[in-house]
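J.: Let me give you the structure first, and then I'll get to my questions.
The values are calculated or read from the model by the stated rules, or taken from the named source; none is laboratory data. Keep in mind that this is a model prediction, so the values were computed, not measured. All Cβ positions, even for glycine, are placed from backbone atoms using ideal geometry, and neighbour counts span all protein chains on display.
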Amino acid sequence: MTDRPKLFTEKILVVNQKAKLLELVNEYKVLDQEGNQIGAVAQVGQSTAKKIARFVSSLDQFMTHTYEIRDADEKAVLVLTRPRKFVKSSFMLTRPDGSEVGQVKQANVFGKIRFSLEAGGQAVGSINAENWRAWNFNIQDATGKEVARITKKWVGLAKAAFTTADNYVIEINEEMEDPLLSLVVAAALCVDTALKQDARGLS
């Protein structure tokens, strides 16, 4: 059996948003807790029109967005697509060959935002905001057991620079199998865009 990329085996993932003069395309580095790059997230398929819309307005939130989750060798391992939205977001997760892994669906609009993780038409977990506008999320399996967390800080990180505003931390607390593991990793790695992007147009 082929060894899985470290993205799927590390217990701590640090997501670093690459600084850009103009945020026209989202790109992220994924680091382990020692600061070694073990993956990346890159927005792909951005047309010139989409880039212009992003620069001059918030209209891009109503357009389709696609993100490749890549391993340390820059090879795509998962693809997350958010179709154009109105009010609630949904996301399709596939393998690079197009085979479906599952979906991430926004369950509510007001209050503490919650997303369901689904595969084969069945709920396999959820992502739950713990407060209205902060960066604390718990991720649960279908039984309600917490399996992972997303926060802005983690006391065990070796480098203080990891606690800057451009980073957030994913803690994997429990062993998981696919499709839940891939859904958790994908949604967590894309949380800045997939779960928080629309706040730009509301704040």
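J.: In segment 84-93, which residue that is in contact with a strand residue (DSSP E or B) (Cβ under 7 Å, 6 or more places away or on another chain) and surrounded by fewer than 17 Cβ atoms within 10 Å (Cβ to Cβ) is modelled with the lowest pLDDT?
T.: Ranking the qualifying residues of segment 84-93, first place goes to Lys88.
J.: Find the residue count for segment 44-71, including only residues that are modelled with pLDDT of 90 or more and loosely packed, with under 15 Cβ neighbours inside 10 Å.
T.: Total satisfying the criteria: 0.
J.: For segment 130-153, what are the residues that are in contact with a strand residue (DSSP E or B) (Cβ under 8 Å, 6 or more places away or on another chain), among the aromatic types (Phe, Trp, Tyr) and either part of a loop (DSSP other than H, G, I, E, B) or at pLDDT below 80 (or both)?
T.: Trp135
J.: Looking at Ala72, is it under 21 Å from Leu180 (Cα atoms) and either touching an Asp or Glu at 6+ places or on another chain (Cβ under 8 Å) or not basic (Lys, Arg) (or both)?
T.: Here the answer is no, as Ala72 does not meet what is asked.
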